[in-house]
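*Asks:* Okay, handing you the structure first.
The values are calculated or read from the model by the stated rules, or taken from the named source; none is laboratory data. From a predicted model like this one, the values you see are computed outputs, not experimental measurements. Note that each Cβ is placed from the backbone with ideal geometry, even for glycine, and that neighbours are counted across all protein chains shown.
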Amino acid sequence: MLNIFTLANGRLFQEEIESLEELSRFQPIWVDLESPTVDEKRWIKQYYGLSIPEDAMDEDIEESARFYEEDNGELHIRSDFLIADEDEPRTVRCAFILNQHNADLKSRGVLFSIHDEDVPVFRLLRLRARRAPGLLEDAKEVLLKLFDADAEYSADTLEGIYDKLETAGKKVLSGDVTDAMAGEVLGAIARQEDLNGRIRRNVMDTRRAVSFMMRSKMLNAEQFEEARQILRDIDSLDSHTAFLFDKINFLMDATVGFININQNKIIKIFSVASVALLPPTLIASLYGMNFQYMPELSQKWGYPYALALMAASAVVPMWYFRRRGWLK
């Protein structure tokens, strides 16, 4: 899908392009390519003179090749954006090419973004830019606002993680934790730990991208200050993710502790039962001996007497254990 965005009266307007002829009707500041087809890449090459690298969205590209500036003034940034999906949280690699100094006016100051799937941060920026006139001034502002929205999206996701950990914590600290509940809580905590780790990696990547924009001296004074504010917001997110990691570790330890307590209760019951059955076993062993002269061997009451003695020897220890509270 090929979408272009133009500025009119301080607002961002979106147009979905389906042919090269439609592309030539607009002068956008942002061209967004979502899973671009061969034809769409050809239109970009033909109209803007921009070649999209084949490895633009590769995940395994060298770190040193993710942020660089071409001799013709094109700025290349490859950055990850978070998708906090409930079932499958993930990051999406997005490639940005900022075309600043092309002699052809129709491609000067245009931001090109290439990605495989729609990103919540992109939707958030489009919504804000339509509602808030004057939010965007140029292509560089679009890129900065995307990173700003990414930091805010990560902050909102962190708040969601905290709420889910609070729910899990109430279950764990309720005092009546069954093995089934503990397993459910451990699964929920593990999912939040994974998402928290993804956020940590995502904001680190955003910090590197914004720092690269600041070092490239492409920003004016106002945009430079905005970039510094984004970095300050990211620093606050770092401390919050560290706090959540500590909370996750505490809840994991508490949950595993309750599982161990439940297992110890079971082991205690088996231990008590084993001790209680030792006297009857001893009596049965004595009367199982094959000696010729045993006092009860020829008595009619010998067998019921042995059974009663074994039952009494089992009941008395159980009564004693219960009185001491060892069976609770």
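*Asks:* Working only within region 268-295, note down all residues that are surrounded by fewer than 11 Cβ atoms within 10 Å (Cβ to Cβ) and not polar (S, T, N, Q).
*Replies:* Phe270, Gly288, Met289, Phe291, Tyr293, Pro295
*Asks:* Select, from Lys145, Lys164, the only residue that is under 16 Å from the mean Cα position of the chain (by Cα) and either among the aliphatic types (A, V, I, L, M) or assigned to a helix (DSSP H, G or I) (or both).
*Replies:* Residue meeting the stated conditions: Lys164.
A quick yes/no check of all residues on (1) among the charged types (D, E, K, R); (2) within 15 Å of Asp205 (Cβ to Cβ); (3) modelled with pLDDT of 85 or more; (4) surrounded by fewer than 21 Cβ atoms within 10 Å (Cβ to Cβ):
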| residue | (1), (2), (3), (4) |
| --- | --- |
| Glu59 | yes, yes, no, yes |
| Phe81 | no, yes, yes, no |
| Val92 | no, yes, yes, yes |
| Leu105 | no, no, no, yes |
| Ser113 | no, no, yes, no |
| Glu117 | yes, no, yes, yes |
| Arg123 | yes, no, yes, yes |
| Glu137 | yes, no, no, yes |
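*Asks:* Which residue is modelled with the highest pLDDT, if the candidates are limited to region 291-328 and must be over 28 Å from Val272 (Cβ atoms) and of a type in the set (A, V, I, L, M)?
*Replies:* Here the residue is Met294.
*Asks:* For region 175-192, enumerate the residues that are assigned to a helix (DSSP H, G or I) and buried (at least 19 other Cβ atoms within 10 Å of the Cβ).
*Replies:* Those that are assigned to a helix (DSSP H, G or I) and buried (at least 19 other Cβ atoms within 10 Å of the Cβ): Ala182, Val185, Ile189, Gln192.
*Asks:* Something else: Identify, from the list Leu244, Leu251, the residue that is in the same structural domain as Glu152 (by the TED database), touching a Phe, Trp or Tyr at 6+ places or on another chain (Cβ under 9 Å) and aliphatic (A, V, I, L, M).
*Replies:* Only one candidate passes the filter, namely Leu244.
*Asks:* Something else: Please pick out the residue among Phe212, Phe243, Phe258 that is assigned to a helix (DSSP H, G or I), free of Cβ contacts under 8 Å to residues at least 24 places away in the same chain and of a type outside the set (D, E, K, R).
*Replies:* After applying the criteria, what remains is Phe243.
*Asks:* Take the residues in region 5-42 that are charged (D, E, K, R) and not in a helix (DSSP H, G or I); name whichever of them is nearest to Leu111 (Cα to Cα).
*Replies:* We begin by selecting, within region 5-42, every residue charged (D, E, K, R); these are 11, 15-16, 18, 21-22, 25, 32, 34, 39-42.
Next, from what is left, pick out any that are not in a helix (DSSP H, G or I): 11, 15-16, 18, 25, 32, 34.
On the way: Arg11: 16, Glu15: 15, Glu16: 16, Glu18: 19, Arg25: 17, Asp32: 8, Glu34: 14 Å.
Result: Asp32.
*Asks:* Are any of the residues in region 287-295 more than 60 Å from the chain's Cα centre (by Cα), assigned to a helix (DSSP H, G or I) and not polar (S, T, N, Q)?
*Replies:* Looking for residues that are more than 60 Å from the chain's Cα centre (by Cα), assigned to a helix (DSSP H, G or I) and not polar (S, T, N, Q), one finds at least one in region 287-295, hence yes.
*Asks:* Also, I was wondering about something else. Which one of these is outside any helix (DSSP H, G or I) and loosely packed, with under 14 Cβ neighbours inside 10 Å: Lys217, Lys265?
*Replies:* Sole residue among the options that is outside any helix (DSSP H, G or I) and loosely packed, with under 14 Cβ neighbours inside 10 Å: Lys217.
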